[in-house]
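The values are calculated or read from the model by the stated rules, or taken from the named source; none is laboratory data. Every value quoted in this text rests on a predicted model; they were computed, and no experiment measured them. Note that we place each Cβ from the backbone using ideal geometry, even for glycine, and neighbour counts take in every protein chain shown. When the accessible area is computed, the model is the full protein with side chains, heavy atoms only, and any ligands, DNA or RNA have been set aside. Shrake-Rupley method; radii C 1.70, N 1.55, O 1.52, S 1.80 Å.
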Amino acid sequence: VQLQASGGGLVQAGGSLRLSCAASRSISSIRTMGWYRQAPGKQRELVATITTSSRSSYADPVKGRFTISRDNAENTGYLQMNSLKPEDTAVYYCRSVTSAWVEYWGQGTLVTVSS
């Protein structure tokens, strides 16, 4: 599965962005889809995940502000980011884990939040 992340950009604090993760084939059998981020000088960290049954989980810093979703018909996952803060600035990566427990990563999309 190839993943193509998009939707990043420059936004002011308090603004919103929606990231997309388009898969090269059906995602209906993908066990989980997730978003991770890596800020300059920091390790990559988990942001949110969603399962086949649409059960979602979030890292504490984004709870209540970010929403992860998936559209199996469109083979795409999404991350809606609201009330963005400067500390959300990072390269965001999407990841999928198949039913055979094989993982794939997208190329990353840069989100910059100005204060």
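Is it true that some residue in region 57-66 is open to solvent by 50 Å² or more (accessible area, probe 1.4 Å) and touching a residue at least 60 places away in the same chain (Cβ under 8 Å)? No: region 57-66 contains no residue that is open to solvent by 50 Å² or more (accessible area, probe 1.4 Å) and touching a residue at least 60 places away in the same chain (Cβ under 8 Å). Filtered by the rule that a residue be assigned to a loop (DSSP other than H, G, I, E, B) and either open to solvent by less than 50 Å² (accessible area, probe 1.4 Å) or modelled with pLDDT of 95 or more (or both), region 1-18 gives VAL1, GLY7, GLY8, ALA13, GLY14, GLY15, SER16.
Residues that are at pLDDT 95 or above, more than 20 Å from GLN4 (Cβ to Cβ) and open to solvent by less than 50 Å² (accessible area, probe 1.4 Å) within region 19-55 comprise just one, ALA39.
A Cβ distance below 9 Å, combined with a sequence gap of six or more or placement on separate chains, defines the contacts here; from region 15-30, residues that are among the basic types (Lys, Arg) reach residues that are open to solvent by less than 20 Å² (accessible area, probe 1.4 Å) in the pairs ARG18/LEU79; ARG18/MET81. Selection of region 93-108 for residues being open to solvent by less than 60 Å² (accessible area, probe 1.4 Å) and over 12 Å from the mean Cα position of the chain (by Cα) yields VAL97, THR98.
As a summary of the residue check, ALA90 satisfies the conditions (1) hydrophobic (A, V, I, L, M, F, W, C); (2) modelled with pLDDT under 95; (3) open to solvent by less than 20 Å² (accessible area, probe 1.4 Å) except for the one numbered (2).
Say whether the condition of being more than 17 Å from GLN4 (Cα to Cα) and without any contact (Cβ under 8 Å) to a residue 24 or more places away in the chain is met by at least one residue in region 67-76. Yes, there is a match, as at least one residue in region 67-76 is more than 17 Å from GLN4 (Cα to Cα) and without any contact (Cβ under 8 Å) to a residue 24 or more places away in the chain.
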